[in-house]
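Here's the structure we're looking at; comments come further down.
The values are calculated or read from the model by the stated rules, or taken from the named source; none is laboratory data. Worth saying up front: this structure is predicted, and the values here are computed from it rather than measured. Counting neighbours? That spans all protein chains shown, and the Cβs are built from the backbone with ideal geometry, glycine included.
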Amino acid sequence: MIENTRKLIPDELILNKIYQIRKQKVMLDMDLAELYGVETKQLKRAVRRNPKRFPPDFMFELTHAEFENLRSQFGTSSWGGLRYPPMAFSEQGIAMLSSVLNSDNAILVNIRIIRIFVKMREFLLTYKDIITKLKEMEQKYPAMMIVSY
């Protein structure tokens, strides 16, 4: 069943729905609702019924300015006339969502999303290690290095 979810939701689709807001990698309620196959108001209702499960480092509501800034980056208003500010969920908040939505689909989608967050972290650590090694080589062999980064 996990294989079916992998085929239905490509990694790129999930990656394109991860944003950097308040120095955190987050996903917005409307995007998560779409992936889970539920209405955004259903997702928000489940979160509001379980506030103890969503501390500020798991979930926060965007300010109007944050949302306008995010929308302006895309140049199009595909998010239309929202009445309420979107909720942003960190990796931990996304993991918590499967416990409040109580659906097999939410669990499967969450597994995919969490695996992508892990891959992103691993990639960033690898990249950081490569840069560190290049800097060490540059210091050791300054005349041989012509790489600019």
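Annotations
- Boolean, Lys7 is at pLDDT 90 or above and either polar (S, T, N, Q) or surrounded by fewer than 17 Cβ atoms within 10 Å (Cβ to Cβ) (or both): no
- The one condition from (1) of a type in the set (Val, Ile, Thr); (2) in a helix (DSSP H, G or I); (3) surrounded by 14 or more Cβ atoms within 10 Å (Cβ to Cβ) that Val26 does not meet is (2).
- Boolean, Val26 is closer than 13 Å to Gly93 by Cβ and touching a residue at least 24 places away in the same chain (Cβ under 8 Å): yes
- Just so you know, in segment 131-149 the residues that are among the hydrophobic types (A, V, I, L, M, F, W, C) and at pLDDT 60 or above include one that is surrounded by the fewest Cβ atoms within 10 Å (Cβ to Cβ), and it is Ala143.
- For Val118, the conditions (1) buried (at least 17 other Cβ atoms within 10 Å of the Cβ); (2) aliphatic (A, V, I, L, M); (3) modelled with pLDDT of 85 or more all hold with the exception of (1).
- Residue satisfying all of: in segment 49-70; in a helix (DSSP H, G or I) and of a type in the set (A, V, I, L, M); surrounded by the most Cβ atoms within 10 Å (Cβ to Cβ) among these: Leu70
- Looking across segment 95-104 at every residue that is surrounded by fewer than 16 Cβ atoms within 10 Å (Cβ to Cβ) and either within 18 Å of Asp11 (Cβ to Cβ) or of a type in the set (S, T, N, Q) (or both), the one that is modelled with the highest pLDDT is identified as Ser99.
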